[in-house]
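Okay, so here's the structure we're looking at.
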Amino acid sequence: MLIKLFTGRDAEQRRHWVNRLNWVLNQELDGLRIARPRALIERPYPGYVMELMDGLESLQASLDSSRVALQNGTGLSGYLATGGLRRRLALLRELATTLAGLHARGLAYGDLSPANVFVSKSIEHCQVWLIDCDNLCATERLGHGHLYTPDYGAPEVVRGERGVNSLTDAWSFAVLAFEMLTHGHPLKGEAVLDAEPEEEAHALRGELPWVHHPDDTSNQACEGLPLELVATPRLQALFEDCFNAGRDNPLARPSLAAWADALEAAWALMLDCTAADCRSSFYWNEARQCPFCDHVAADGLLLAHAWYSDASPEEPHLDTGDRLALALERPVELHLAPVGMHGYSEAPLVCEVRLDKAGLHLAPKGEGELTLVRIEDGKTFPITQPQTLPAKVDRRRGAAAGLLLAHPAEPRLRPFWRFTW
Ligand SMILES: [Zn+2]
């Protein structure tokens with residue numbers, strides 16, 4: 001349980017705050033992970049009680065413990081203890097999905113920062129909740145002292161020119177994502193960290209290039225993890241759009257829905273390092289080499305290519321560009337949707353695939369219909385019972401095959417997953 005009180009002395013501001021709280025209470029927030037007021041408090045200060053699930057902590061606490069470890073010279077131990085790259089992508093995807101849902105309802109959050117985001121304490125779970133729903137607003141919120149959290153406010157808000165809205169949410173989210181992934185700040189590079197303290201204020205007002213500006217290296221990154229290690233090219237492009245063109249032009253910032261999609265796609269590419277003392281997760285690469293320790297992950301992994309077809313499997317398939325990495329012994333669910341789209345895991349489940357040394361295990365789930373397609377001759381084999389494709393036989397042939405997914409709930413959707421041993 002959390003309690004939020006308004007302790008300001010200004011009667012006018014207090015009236016505004018209580019009015020906004022009453023307005024929030026009337027908003028349709030069902031299905032969004034936002035802790036809502038359960039009880040109102042009138043005296044001695046106006047406020048409300050929020051109910052939060054057990055086992056959550058603020059994202060700030062999680063980030064701090066990870067960053068402290070990095071600064072104390074214990075390297076990535078803190079990064080790993082808070083779930084590594086795989087969990088960071090999942091948490092950010094959940095947060096982006098909640099914010100995208102708010103924006104779709106014409107609402108903005110307003111003061112996004114790690115202090116207002118609560119996440120599961122246990123790294124086995126990826127719950128994400130926003131607290132302080134009194135921050136919510138419908139259209140641009142002006143006045144009230146331009147409430148924002150230093151470091152996360154959009155430049156136009158920091159300069160006091162504009163109030164908060166969905167485009168300033170987009171900025172704050174990108175800062176938070178960059179910080180979670182790299183442990184650096186997108187505007188604090190060499191020109192800030194090696195300079196007088198007032199340079200930081202210039203940077204946060206949007207007067208310096210961002211730390212990965214493609215041409216201007218005057219403020220280049222000098223702390224944290226390299227971006228290309230923790231972000232896919234698609235995520236890197238979103239950061240570039242937000243912090244370069246989007247620094248001065250809020251409309252150039254990628255939407256939260258675009259972030260949710262790119263994070264879903266990135267998450268699907270995660271592999272786990274199999275070195276006993278590493279435990280990192282990393283993006284699929286052809287060599288399957290962990291960039292954190294250079295160990296090559298255990299053999300027997302394969303990359304499934306997402307194709308799409310609403311016609312027969314013999315027809316040419318359209319490559320969506322989405323990929324899914326299959327790590328040894330880590331079952332993956334295949335749903336009736338392209339993987340690089342948020343909401344993928346809510347789409348109807350068709351089957352579970354699991355890879356081990358013996359081969360690829362396929363298990364149809366629920367009402368899902370699964371067909372194995374041999375690419376060389378287009379032959380199809382319906383799979384109605386759990387089956388194993390032995391790795392040894394097929395690998396020798398370098399055979400290519402695919403899985404055609406179908407489900408009676410959405411007869412027109414027919415995702416196709418191609419794989420090569
Ligand atoms: Zn490793």
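Please go through segment 281-325 and give me each residue that is within 16 Å of the ligand (Cβ to nearest atom), modelled with pLDDT of 80 or more and in a loop (DSSP other than H, G, I, E, B), ordered by number. Walk me through it before giving the result.
The initial filter retains those residues of segment 281-325 that are within 16 Å of the ligand (Cβ to nearest atom), namely 281-285, 287-299, 301, 325.
If we keep only those that are modelled with pLDDT of 80 or more too, we end up with 281-285, 287-296, 325.
Residues satisfying the conditions are Trp284, Asn285, Ala287, Arg288, Cys290, Pro291, Phe292, Cys293, Asp294, His295.
Any idea which of (1) in a loop (DSSP other than H, G, I, E, B); (2) open to solvent by 10 Å² or more (accessible area, probe 1.4 Å); (3) on the phi < 0 side of the Ramachandran plot is the one Asp151 doesn't satisfy?
Single failed check for Asp151: (3).
I'd like to know if segment 35-54 contains one or more residues that are modelled with pLDDT of 90 or more and under 30 Å from Asp272 (Cα atoms).
no
Identify the single condition in (1) more than 21 Å from the chain's Cα centre (by Cα); (2) modelled with pLDDT of 80 or more; (3) away from the ligand (no atom under 16 Å from the Cβ) that Glu333 does not satisfy, given that it satisfies every other one.
All conditions are met except number (1).
Got a number for residues in segment 326-373 being charged (D, E, K, R) and not in a loop (DSSP other than H, G, I, E, B)? Working first, answer last.
Applying the first criterion (charged (D, E, K, R)) to segment 326-373 yields 329-330, 333, 346, 352, 354, 356-357, 365, 367, 369.
Now restrict to residues that are not in a loop (DSSP other than H, G, I, E, B): 333, 346, 352, 354, 356, 369.
Total meeting the criteria: 6.
If we scan segment 336-343, do we find a residue that is open to solvent by 40 Å² or more (accessible area, probe 1.4 Å), within 16 Å of the ligand (Cβ to nearest atom) and modelled with pLDDT under 85? Please lay out each step first, then the result.
Residues of segment 336-343 open to solvent by 40 Å² or more (accessible area, probe 1.4 Å): 341-342.
Checking the rest, the ones that are also within 16 Å of the ligand (Cβ to nearest atom) come to none.
Checked against the condition, which is being open to solvent by 40 Å² or more (accessible area, probe 1.4 Å), within 16 Å of the ligand (Cβ to nearest atom) and modelled with pLDDT under 85, segment 336-343 yields no hits at all.
For segment 201-219, enumerate the residues that are in a helix (DSSP H, G or I) and open to solvent by less than 70 Å² (accessible area, probe 1.4 Å).
Pass one, segment 201-219, residues in a helix (DSSP H, G or I): 201-204.
If the condition is that a residue be in a helix (DSSP H, G or I) and open to solvent by less than 70 Å² (accessible area, probe 1.4 Å), then Ala201, Ala203, Leu204 are the ones that fit.
Within segment 1-52, which residues are open to solvent by 90 Å² or more (accessible area, probe 1.4 Å), touching a strand residue (DSSP E or B) at 6+ places or on another chain (Cβ under 7 Å) and either among the basic types (Lys, Arg) or under 21 Å from Leu99 (Cα atoms) (or both)?
Once the filter is applied, which keeps residues that are open to solvent by 90 Å² or more (accessible area, probe 1.4 Å), touching a strand residue (DSSP E or B) at 6+ places or on another chain (Cβ under 7 Å) and either among the basic types (Lys, Arg) or under 21 Å from Leu99 (Cα atoms) (or both), segment 1-52 yields Arg38, Glu51.
Restricting the first residue to segment 248-261 and requiring it to be free of Cβ contacts under 8 Å to residues at least 24 places away in the same chain, which pairs with a second residue that is open to solvent by less than 30 Å² (accessible area, probe 1.4 Å) and in a helix (DSSP H, G or I) meet a Cβ separation below 6 Å and a spacing of at least six or different chains?
Listed pairs, sorted by first residue: Ala252/Gly246.
For segment 243-254, indicate whether the set of residues that are part of a strand (DSSP E or B) and either away from the ligand (no atom under 16 Å from the Cβ) or open to solvent by 10 Å² or more (accessible area, probe 1.4 Å) (or both) is non-empty.
So in segment 243-254, the residues part of a strand (DSSP E or B) come out as none.
Scanning segment 243-254 turns up no residue that is part of a strand (DSSP E or B) and either away from the ligand (no atom under 16 Å from the Cβ) or open to solvent by 10 Å² or more (accessible area, probe 1.4 Å) (or both).
Among the helices (runs of 4 or more DSSP H) contained in segment 36-124, which hold 2 or more residues that are over 17 Å from Leu181 (Cα atoms) and touching a Ser or Thr at 6+ places or on another chain (Cβ under 9 Å)? Steps first, answer last, please.
Numbers: elements: 59-71, 77-81, 84-104.
Because the criterion is at least 2 residues that are over 17 Å from Leu181 (Cα atoms) and touching a Ser or Thr at 6+ places or on another chain (Cβ under 9 Å), the helices (runs of 4 or more DSSP H) in segment 36-124 that meet it are 84-104.
Taking only segment 265-280 into account, find how many residues are within 12 Å of the ligand (Cβ to nearest atom) and touching a strand residue (DSSP E or B) at 6+ places or on another chain (Cβ under 8 Å). Working first, answer last.
Filtering segment 265-280 for residues within 12 Å of the ligand (Cβ to nearest atom) gives 271-280.
Subsequent filtering for residues that are touching a strand residue (DSSP E or B) at 6+ places or on another chain (Cβ under 8 Å) retains 271-274, 279-280.
Adding up the residues that qualify gives 6.
Is it true that some residue in segment 230-238 is within 16 Å of the ligand (Cβ to nearest atom), open to solvent by less than 50 Å² (accessible area, probe 1.4 Å) and in contact (Cβ under 8 Å) with a residue 40 or more places away in the chain?
Within segment 230-238, the subset within 16 Å of the ligand (Cβ to nearest atom) is 230.
Now drop any that are not open to solvent by less than 50 Å² (accessible area, probe 1.4 Å), which leaves 230.
Restricting the remaining residues to those that are in contact (Cβ under 8 Å) with a residue 40 or more places away in the chain gives 230.
Within segment 230-238, one or more residues are within 16 Å of the ligand (Cβ to nearest atom), open to solvent by less than 50 Å² (accessible area, probe 1.4 Å) and in contact (Cβ under 8 Å) with a residue 40 or more places away in the chain.
What about Arg162, is it part of a loop (DSSP other than H, G, I, E, B) and charged (D, E, K, R)?
Details: part of a loop (DSSP other than H, G, I, E, B): yes; charged (D, E, K, R): yes.
Taking the combined requirement at face value, the residue satisfies it.
The values are calculated or read from the model by the stated rules, or taken from the named source; none is laboratory data. Note that the structure is a prediction, hence the values are computed from the model and not measured. No Cβ is skipped: glycine too gets one built from the backbone with ideal geometry, and neighbour counts run over all protein chains shown. Side chains are part of the model used for accessible areas, which takes the heavy atoms of the whole protein and leaves out ligands, DNA and RNA. Shrake-Rupley method; radii C 1.70, N 1.55, O 1.52, S 1.80 Å.
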